[in-house]
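One structure is given below, encoded as structure tokens.
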Amino acid sequence: MSTWIKYNHNPADNATDDCAVRAVAVALGISWDEAYLEISDNARRMREMMHRNVAWWSVLRQHGFKRAVIPNTCPDCYSVADFCRDHPRGLYVLGFYHSHVAVVIDGCLIDSWDSRGELPIYYFWRDEYGRSV
């Protein structure tokens, strides 16, 4: 069974609607405030809203991350726990249908709630931290 570490990077301990900021902060090893500013600066330059995927995706890309899609072999059964088992090494940022974002580091889920049963649809990875499947 995969491991889950309950972690909320938000300094106000606000566990809602900021999962992309929390995930970017953890993935980049920066503070929640720094991640918030990077995403909001990108959103402003792009003339997008900060909550849009394109705003935080661009931050990860600027830091060398690439996006990959989860293979569609079992779209209704491949869970975060499965992803963790299949990716015992590396750093990944997972995205879900319902706009949630979480981080997996060395097969361990880092999230403010236990999302191991959720179904990821894509992930970001970086060469020196992870590998594409």
Give the label of the value calculated from the structure for Cα extents along the principal axes in Å, choosing from [x] 38, 28, 27; [y] 51, 36, 34; [z] 57, 28, 22. [x]
By the rule of another cysteine's Cβ lying under 4.7 Å, the cysteines of the chain that fail to get a partner are C19, C84, C108
Long-range amide H partners of D111 with built H, under 5 Å: I5, Y7
Indicate, rounded to the nearest 5 percent, the antiparallel portion of the DSSP beta bridges found entirely in the chain. 80 percent
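Laboratory data are not the source of any read-out in this text; all were calculated from the coordinates shown. What you see is a predicted model, and the numbers here were worked out from it, not measured in a lab. We place every Cβ from the backbone using ideal geometry, glycine too, and count neighbours over all the protein chains shown.
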